[in-house]
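So the structure is just underneath, and the comments pick up after that.
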Amino acid sequence: MTRHNPPPDLSLRFDAVDALRGFAMVWMTAFHFCFDLVQFGYSQQNFYNDPLWTWQRTVIVSLFLFCAGLGQAIAVNQGQSWSRFWRRWGQLMACALLVTAGSWFMYPQSFIYFGVLHGMALMWIIVRLTAHWGGWLWILGAVAIGMPWLAAETLLTALPVEFQAIFNSPFLNWLGLITHKPITEDYVPLLPWLGVMWWGVAAGRWGLRRAETPLSRRLPGVLKPLAKLGRWSLSYYMLHQPVMIGVLMVVGGLAS
């Protein structure tokens, strides 16, 4: 008789990954709340130049993209079909377009045209196609992370100003090969951030090959709420800012 392997369980969750994503969401919420306080005039902080805030943003985005890479490694390992992938990708892309529309309404001069969701949508496709490249993903990730700095310090500065302007324009600055940051409320270009997601995929593939994978380790009870939150990351991401902004608008209205 022919033995048939059972189909992979696509509903299997890894609580450790969800909890890490949930932690990033809590940190993001606190960060955005502080940003909203500045926008409403309740606080005075420089979110664009102060290292206290710029480095926090870097770490938060890195956590999200690393978790996204872990998630893609798990999905590939579980045999996720392309049709299922494209359904999830469509949800992500629809949310990215909503972010663009909402930011255009609030910040018409600096609206978000290639933020974290836009970047993730493009990176998802790339990491899905390259998820089987094994240890090369560590090397490619390092190259991707270092490439913007190398380009800005050597390649781009050697080009005429006219060519630099092309790479700095919205038509190509999504690549990340820029000499100055664009004016936008959120900017997550392909480089260097693809490298972080590649590292997430590489770490996930490495962890899933181990008999005692840290990805499936049981969480202490105190961390389980983070895991539950991490399972609804996209919905939470789309709702948390409108809710906080709405609350601050009500507070401002009552105080006036």
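The values are calculated or read from the model by the stated rules, or taken from the named source; none is laboratory data. In this text the structure is predicted, and so the values were computed from the model without any measurement. Quick reminder, even Gly has a Cβ in these numbers, built from the backbone with ideal geometry, and neighbours come from all protein chains shown.
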Item to check | Condition met for TRP232 (closer than 22 Å to CYS95 by Cβ, aromatic (Phe, Trp, Tyr) and without any contact (Cβ under 8 Å) to a residue 12 or more places away in the chain) | outcome: yes
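Matching residues to (1) under 15 Å from SER233 (Cα atoms); (2) surrounded by 21 or more Cβ atoms within 10 Å (Cβ to Cβ); (3) over 17 Å from the mean Cα position of the chain (by Cα):
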{"site": "PHE64", "(1), (2), (3)": "yes, yes, no"}
{"site": "VAL76", "(1), (2), (3)": "no, no, yes"}
{"site": "MET93", "(1), (2), (3)": "yes, no, no"}
{"site": "GLY102", "(1), (2), (3)": "no, no, yes"}
{"site": "TYR107", "(1), (2), (3)": "no, no, yes"}
Checklist entry - Hey, any hits in the stretch 131-148 for a residue that's within 15 Å of the chain's Cα centre (by Cα) and farther than 18 Å from LEU191 by Cα? => result no
Item to check | Number of the exception - GLN45 against (1) surrounded by 13 or more Cβ atoms within 10 Å (Cβ to Cβ); (2) without any contact (Cβ under 8 Å) to a residue 24 or more places away in the chain; (3) not in a helix (DSSP H, G or I); (4) not charged (D, E, K, R) | outcome: (1)
Checklist outcome for this item: Those residues of the stretch 96-129 that are closer than 12 Å to TYR187 by Cβ and in a loop (DSSP other than H, G, I, E, B) come to a total of 5
Checklist entry - For the stretch 12-54, what are the residues that are of a type outside the set (Gly, Ala, Ser) and more than 26 Å from GLY230 (Cα to Cα)? => result VAL38, GLN39, PHE40, TYR42, GLN44, GLN45, ASN46, TYR48, ASN49, ASP50, PRO51
Checklist entry - Looking at LEU223, LEU229, LEU234, which one is in contact with an Asp or Glu (Cβ under 9 Å, 6 or more places away or on another chain), within 30 Å of ILE126 (Cβ to Cβ) and not basic (Lys, Arg)? => result LEU229
Checklist entry - Could you say whether any residue in the stretch 184-201 is without any contact (Cβ under 8 Å) to a residue 40 or more places away in the chain and either within 30 Å of TRP104 (Cα to Cα) or surrounded by fewer than 19 Cβ atoms within 10 Å (Cβ to Cβ) (or both)? => result no
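Conditions (1) closer than 26 Å to VAL76 by Cα; (2) outside any helix (DSSP H, G or I); (3) in contact with a strand residue (DSSP E or B) (Cβ under 7 Å, 6 or more places away or on another chain); (4) polar (S, T, N, Q), marked per residue:
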| position | (1), (2), (3), (4) |
| --- | --- |
| LEU137 | yes, no, no, no |
| TRP149 | no, no, no, no |
| GLU153 | no, no, no, no |
| GLN164 | no, no, no, yes |
| TRP174 | no, no, yes, no |
| ILE178 | no, yes, no, no |
| PRO182 | no, yes, no, no |
Next on the checklist: Just to be sure I understand the filter: pairs with C-beta atoms under 6 Å, separated by 6 or more residues or on different chains, first member in the stretch 207-223 and closer than 21 Å to GLY69 by Cα and at pLDDT 75 or above, second member surrounded by 11 or more Cβ atoms within 10 Å (Cβ to Cβ) and of a type in the set (D, E, K, R). Which pairs pass?
Outcome noted: LEU219/ASP15
Checklist entry - Somewhere in the stretch 167-180, is a residue on the phi > 0 side of the Ramachandran plot and not β-branched (Val, Ile, Thr)? => result yes
Checklist outcome for this item: Taking the stretch 83-118 and keeping only residues that are in contact (Cβ under 8 Å) with a residue 24 or more places away in the chain, hydrophobic (A, V, I, L, M, F, W, C) and over 26 Å from ASN168 (Cα atoms), one is left with PHE85, TRP89
Checklist entry - How many residues does the stretch 115-134 contain that are aromatic (Phe, Trp, Tyr) and surrounded by 18 or more Cβ atoms within 10 Å (Cβ to Cβ)? => result 1
